[in-house]
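Following: one structure in structure tokens, then a few remarks.
The values are calculated or read from the model by the stated rules, or taken from the named source; none is laboratory data. These figures come from a predicted structure and were not determined experimentally. All Cβ positions, even for glycine, are placed from backbone atoms using ideal geometry, and neighbour counts span all protein chains on display.
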Amino acid sequence: MTLSDIKICVIGLGYVGLPLARLFSTKYPTIGFDLNPHRVATLMSGHDYTLEIDDQLLRDAIANHGLRCTSNQQDIKACNFYIVAVPTPVNEDGTPDLQPLQSASQIVGKAISAGDIVVYESTVYPGVTEEVCVPIIEEVSGLAFNKDFFAGYSPERINPGDKLHTVENIPKVTSGSTPQVADLIDELYNTVLTRGTHKASSIKVAEASKIIENSQRDVNIAFMNELAKIFDAMGIDTHDVIEAASSKWNFIKLRPGLVGGHCISVDPYYLIHKSQVYGVFPRLMSNARSLNESMGEYVANRVIKLMNLKGILVKDSKILILGITFKENCPDIRNTKVVDVYHALRPYTANITVCDPWADAKHTEECLHIAISPAPPAAEKYDAVILAVAHDAFMQLDFKSLVKGNGVIYDVTGVLPKAIVDGRL
């Protein structure tokens, strides 16, 4: 296979798959496949409700570059280069849920022909591509791995809501199941990327490289969260400490916060799980996960303490939570830890208002069972206001006008002026 022969199918049209399909369509015949017919219909109408792709850019890809989205498996059989970009969630006990990957591999197995290549982008522990996914393709297709078809792994590096570091502007790791296939995969990605690639020595190395990216951030943020707890107990402002420490050139400037989303709050569990299979218990990573998982309840308890210190009765109090998505200026509510703040406060009061101009109200209520509105009701005042997500829209609010005379303002994000808040993480 040469570059001129390639016909691409991207399986999974979410935050990762759609930007990738749009990008590849500028150079190659590309089909996007998703099991959700509503998602497909919405995309073909020219709208991406994840807001990762601008509507005009999507319409241009469809009208001028031939991008086609489908939920019909028959439509993808003419392709010869399959890219799998489906979610890799975890179960309630923290173990990997490989069902989406297994289902996608079955779809590939039904479509793939001799000589074809399949590349996985979903974040996994080392070994999943060759030990879990490839055998499914072999069984379904009847083809032999590295004889009749080939595989690769190129971990996604999508940052939801980030309009600067888009898929084409981020260096990408590539790998292949044979040296020749690795070269072809690397060459293909380089034709659409402006920042180039790093060709890993093996698929397992590429898989491991992705999972430690997010695990490293998880551990580092956990350290900052632990510092926030320590310094708060000492009566020291954590953000002042960070500013002072960051005056040294090699200090890594991170801030405490709620660690949600589909990557940092999930991916470490994959490596934790696999390492234990090999008899290694990763204490640092496990402790970091436990600490970060606890921060929503910690924030709620801090707000309750501040209210008590001001003599505000917590029971049946009116509380405003600003933001429900897992990060700022993004509609993604997956694994948002703001829900932990909400549920920790809920036993004390039912009078909790949640506002978010980015999140879809219907989707949020269906998934999280929390009713939201885009903005605080006019003229309402609250006993406590919690800035949970630093959406740009919230920066225009007059926070002092939102609280009653001695109401509490708590800043989870650390972006509000220190003078107007009663506490911050």
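Could you please find all residues in the stretch 87-99 being surrounded by fewer than 22 Cβ atoms within 10 Å (Cβ to Cβ) and touching a residue at least 60 places away in the same chain (Cβ under 8 Å)?
Correct list: PRO87, PRO89, VAL90, GLY94, THR95.
For the stretch 193-242, give me the residue count where each residue is of a type in the set (Phe, Trp, Tyr) and surrounded by 17 or more Cβ atoms within 10 Å (Cβ to Cβ). Let's see the steps before the verdict.
Here is the first cut: in the stretch 193-242, the ones of a type in the set (Phe, Trp, Tyr) are 223, 231.
Of the ones still in play, those that are also surrounded by 17 or more Cβ atoms within 10 Å (Cβ to Cβ) are 231.
The qualifying residues number 1.
Quick check on my filter: what residues within the stretch 363-377 are surrounded by 11 or more Cβ atoms within 10 Å (Cβ to Cβ), without any contact (Cβ under 8 Å) to a residue 40 or more places away in the chain and more than 13 Å from VAL338 (Cβ to Cβ)? Let's see the steps before the verdict.
Residues of the stretch 363-377 that are surrounded by 11 or more Cβ atoms within 10 Å (Cβ to Cβ), as a first pass: 363-365, 367-368, 370-376.
When the remaining residues are screened for being without any contact (Cβ under 8 Å) to a residue 40 or more places away in the chain, the result is 363, 365, 367, 371, 373-375.
Hits for the stretch 363-377 are HIS363, GLU365, ALA371, SER373, PRO374, ALA375.
If only one of SER177, SER209 is touching a strand residue (DSSP E or B) at 6+ places or on another chain (Cβ under 6 Å), not charged (D, E, K, R) and not assigned by TED's automatic domain parsing to the domain that holds VAL84, which one is it? Walk me through it before giving the result.
On the way: SER177 fails: not assigned by TED's automatic domain parsing to the domain that holds VAL84.
Within the list SER177, SER209, the selection yields SER209.
Give ASP356, ASP360, ASP383 a once-over and let me know the one that is within 20 Å of the chain's Cα centre (by Cα) and touching a residue at least 60 places away in the same chain (Cβ under 8 Å).
ASP360
Only one of these conditions is not met by VAL119: (1) part of a strand (DSSP E or B); (2) out of contact with any Lys or Arg (no Cβ under 8 Å at 6 or more places or on another chain); (3) closer than 30 Å to GLU328 by Cα. Which number is it?
Here VAL119 meets the rest and fails (3).
Of all residues in the stretch 72-99, which are closer than 30 Å to GLU293 by Cβ, assigned to a loop (DSSP other than H, G, I, E, B) and not small (Gly, Ala, Ser)?
VAL86, PRO87, THR88, PRO89, ASN91, GLU92, ASP93, THR95, ASP97, LEU98
Could you check how many residues of the stretch 141-170 are hydroxyl-bearing (Ser, Thr, Tyr) and assigned to a strand (DSSP E or B)?
Qualifying residue count for the region: 1.
Could you tell me which residue of the stretch 1-47 is nearest to ASN329 (Cα to Cα), considering only residues that are among the charged types (D, E, K, R) and crowded, with 21+ Cβ neighbours inside 10 Å?
That would be ARG22.
Out of everything in the stretch 136-171 that is charged (D, E, K, R) and over 16 Å from ILE117 (Cβ atoms), what residue ends up being modelled with the highest pLDDT?
GLU139
Can you work out which of the residues in the stretch 378-425 that are touching a strand residue (DSSP E or B) at 6+ places or on another chain (Cβ under 8 Å) and part of a helix (DSSP H, G or I) is nearest to ALA228 (Cα to Cα)?
So the residue we want is LYS418.
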